[in-house]
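Quick note: the coordinates plus some simple rules give every number you see, no bench work behind them. All of these numbers come straight from a predicted model, not from anything done at the bench. Glycine gets a Cβ as well: all are built from the backbone with ideal geometry, and neighbour counts include every protein chain shown.
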Amino acid sequence: MKTILSIILLSLISITASAQHTGNGGLYFHIVDEDETQAFNNFYNANPTSTFNERGELINPNIVSSDVIIFGVYDMDKQNNNDQGNPDFVAIRTGIRLDRSFIKNVQVDKHMMSGDPIVTFILSPEGGEMFFNHTQRNVGRSMAIVFENRVRLIARIIAPIREAVMIEGFDEEESNRIARLLRGGP
């Protein structure tokens, strides 16, 4: 069973979610290409041993468009149980990076109902505008949220988000690591 995750705009506009981008030092938000994702997963399921080389690179990069990056989807249940099974993959395109220069405030709290950890961050005017433009252009599409070079969350954008974001679905340690990273720490 995949962990169910969600992102919620503090004004109660939400992105519903189901549960790897390059670089560290921020959260990356990429648009998922649903058609490329389906085609790649079909290809992989038919060719599991001849898709990637020993370094995890595509043997034939022409099986996806040149502007697409393929990532495995992080599944906390599989990771915790050491049950690798057949991985799911996602094809991602255009993205933005939010680092501490775009963040005004970050905190880790507990969800009022569940008690689970949540990371809340308030964007700067520049970060808010960038995030708003990115989410506004892609309403109705899925967005992959990448942390520590892994897709950690895939969420459907149902409304543009401008200034305040709440992320839930990470454990306490990961929530604190995300908060430290967004504050500019290791």
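Can you give the translational diffusion coefficient of region 97-146 in µm²/s, computed by Stokes-Einstein from the Kirkwood radius over Cα pairs at 20 °C and 1.002 mPa s?
171 µm²/s
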Order of Thr120, Thr135, Thr49 from fewest to most other C-beta atoms within 10 Å?
-> Thr49, Thr120, Thr135
Cβ under 12 Å from Arg183's Cβ, Arg183 left aside: what net charge do those residues give with Lys, Arg +1 and Asp, Glu -1?
-> +3
Which residues qualify? For Phe52, with a placed amide H closer than 5 Å and at least 5 residues away or on another chain, they are Ile59
